[in-house]
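None of the figures in this text is laboratory data; all of them are computed from the coordinates on show. Predicted model, so just to flag it, every value in this text is computed and none were measured. Glycine also receives a Cβ, built like all others from the backbone with ideal geometry; neighbour counts cover every protein chain displayed.
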Amino acid sequence: MSKVMTMGEAVMRFVPDGSSVVMGAALESLIPFAAGHEIIRRQVRDLTLIGPISDILFDQLIGAGCVRKVIAAWVGNVSAGLGHNYRRACEQGLPHRLEVVDHSNFSLSLALLAGGLGAPYIPTYSLLGTDLLKTNPTFRQSTSPFGGEKILLVPPLRPDVAILHVQRCDEDGNAHAWGNLGISEEAALSSQRIIIVAEELVPRAVIVSDPNRVLAPSFKVCAVVHEPGGAHPSPVQGYYNRDHEYYHDYHRATRTVEGNAEWIGQWVAGVRDRAGYFQKLGEERWQGLQLKEHRYAAPGDYGY
Amino acid sequence: MVTEMDYTPQEIMVAAAAREIRDGEVVFTGMRLPLIAFALAKQMHAPNAVGLFECGLVRDTPAPELLYTMGDPPNIAGALWATRMINMMGLLQQGSVDVGFIGGAELDRFGNLNTSYLGDPASPKTKLPGSGGAADIAGLSKRLVVIMAHEKRRLVERVDYITSPGFGDGQGWRRRVGLRPGGPSAVITTRCLLGFDASTSEAVLRSYHPGQTVESVRAETGWDLRVAQDAHETEPPTAEELAIIRRYDPQGFWTR
């Protein structure tokens, strides 16, 4: 049964107010910006955002007033450093107060891994001695029942939905992703549901020709959105490169509350959909991000 | 023609960072300058070093182009392994990483780093982006190298919040809280190179960059910085090192 739908429908049906949502799971690449912008346009409220570093997507959603709580290792702008909206929310309660649950990249991976495994917790030696233990009340310090050494117990996270951008997918949600995966697998397996956003919609035969490249079982996928360019300004291996300048432009534009409102107006609220976004971005800028050369993997033989 | 003083603070930091990598080591490569330091070390004295990138990459060659982030497509092209982040973190926790690189906003005399909150976390004066993988790298690498800007407000007696653990409040702290041996071995700043006293775990000035003095570094440090007996001028980047850095970052995006 086809799960293909528009971004608008996917967000409307599967990202209601109050949802906990994983985005930016691959780290700097494959960030589902198109989905985030649709969430902003639909004025979804009281979200809990879960992600490792998220780059500027979390900053945008916070600045648009969609977010009540952040469970993350890092929120900012990878190119420029600080995220102005994140700072304003934490320091001044603008546009409103934000609850922050601090993680490191490792502890967030472990929380989602535990969720995916259905495990009660996962122990680690990381973060001992740090103040993350004070600002993340979900952690517990303990001692190993085997060696007696100090350990930290990381409890599971079970997000409502993971939104994952991938290279290609079939209409059932069988998805191929490649390049560094970050915590994409853990995010997919721990979440109740998965929204796949794909550069290309391909026949099932393409996917099953290489099952090792599949991200997660498609029975967890609730929606497939075909949105070429949907990860811009983040890169998609084999499709387009990172638009570094966009991150710097965003950093400059969002220094003030007014500047941020103007930025959202221009790039998100003021465009109807991704097609409108690309119209604003311009053909020349988009062409400048295209591949300079192809580097195809050698085919693997699944014969028997 | 490269003359003696013709380099930037970033270039001397990259050269100093590259020298912290020994041949054959497994390196947890951080953002920004360490991306270039790894490429430099590979081409100079550490051809057999292997780089881990927390987004889920392993490389034994420098990326073919300058990296702005570790997830840039050139870093995946030609990688030895593209995988999940948790595999990188697992290698770190099992003790396979010799040296890790991180940056810092605020550092104290025992090498603890804060990249989370200035002021009270409940109502912070400044909210910084957070740990990312830095807390993990600082807690679990055998050696840690920190790269940061040297300003009095950044090098403080005691950090407001420990994001990435150094030596806590001094000797024995890491063991007490359950961390294995490790901790910072070098802090490379825009002015100098700090090491840590093996008996007190306190930072000591090991070398000051050309143009700086012991006094100028101490004046810009927020505690009474101790000075190593053999403190000397940092060796500037060689012409060969500069050529490699500039070939890798021709526009000077990170190093100008």
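I'd like the distance separating the alpha-carbon centroids of region A:59-89 and region A:239-304, in whole Å. The two parts, judged by their Cα centres, are 19 Å apart.
Along each principal axis, taking the top coordinate minus the bottom one, the Cα set of region A:70-182 gives 49, 42, 25 Å in descending order.
Seen from every direction in turn and averaged, the convex hull around the alpha carbons of chain A projects onto 17.4 nm². For region B:106-250, the percent of C-alpha pairs falling in each 5 Å distance bin, counted from 0 to the bin holding the largest distance, reads 2, 10, 18, 21, 18, 15, 11, 4, 2, 0. Once backbone amide H atoms are built at 1.01 Å from N, B:THR234 has B:TYR208, B:HIS209 as its partners under 5 Å, excluding neighbours fewer than 5 places away on the same chain.
Could you give the Stokes-Einstein D for region A:233-272 in µm² per second, using the C-alpha Kirkwood radius, 25 °C, 0.890 mPa s?
On the way: Rh = 11.2 Å.
Reported coefficient: 219 µm²/s.
Using the Cβ atoms and a cut-off under 14 Å, what net charge is assigned to the surroundings of A:GLU258, where Lys and Arg are +1 and Asp and Glu are -1?
On the way: positive: A:ARG88, A:ARG252, A:ARG255; negative: A:GLU262.
Surrounding charge for A:GLU258 is +2.
Looking only at A:ALA175, A:ALA114, A:ALA162, which one moves most when chain A is put into a Gaussian network model with springs between Cα atoms under 10 Å? Largest GNM mean-square fluctuation: A:ALA114. For the peptide B:136-145, the mean number of other protein chain Cβ atoms found within 10 angstrom of a residue's Cβ is 4.
Evaluated at 20 °C with a viscosity of 1.002 mPa s, what Stokes-Einstein diffusion coefficient in µm²/s does region A:1-135 have when Rh comes from the Kirkwood expression over alpha-carbon pairs?
Numbers: Rh = 15.7 Å.
In µm²/s, the coefficient is 137.
Using all pairs of distinct alpha-carbon atoms, the Kirkwood hydrodynamic radius of region B:4-161 works out to 16.3 angstrom. For the protein assembly as shown, DSSP calls about 40 percent of its internal beta bridges antiparallel. Restricting the calculation to Cα atoms, region A:49-127 yields a radius of gyration followed by a Dmax of 13.6, 38 Å.
Near B:PHE38: Cβ cut-off under 11 Å, other residues only, Lys/Arg at +1 and Asp/Glu at -1. The net charge is -1.
Taking 16 Å as the cut-off, the amide N atoms of region A:137-174 that come nearer than this to a point 7 Å along the Cα-to-beta-carbon line of A:ALA205 belong to A:170-171.
Expressed in nm to one decimal, what extension gain is obtained for the pair A:ALA275 and A:GLU245 from 0.36 nm per residue of sequence separation less their Cα-Cα distance? Spell out each step's value before the answer.
Values: separation 30, 0.36 × 30 = 10.80 nm, distance 2.05 nm.
Result: 8.8 nm gained on full extension.
Taking 7 Å steps out from each Cα toward its Cβ at A:GLN141 and A:PHE219 produces label points 4.3 nm apart. Where both bridge residues fall in region B:9-248, DSSP classifies roughly 45% of the beta bridges as antiparallel. Normalised by 2.2 N^0.38 Å, where N is the number of residues, the alpha-carbon radius of gyration of region A:177-304 equals 1.28. Ranking of B:TRP173, A:TRP267, A:TRP286 by neighbouring Cβ atoms within 10 Å, starting from the fewest: A:TRP286, B:TRP173, A:TRP267. Each listed q (0.09 Å⁻¹) maps to a log10 I(q)/I(0) for the protein assembly as shown, found by the Debye formula over equal Cα scatterers with no solvent: -0.65.
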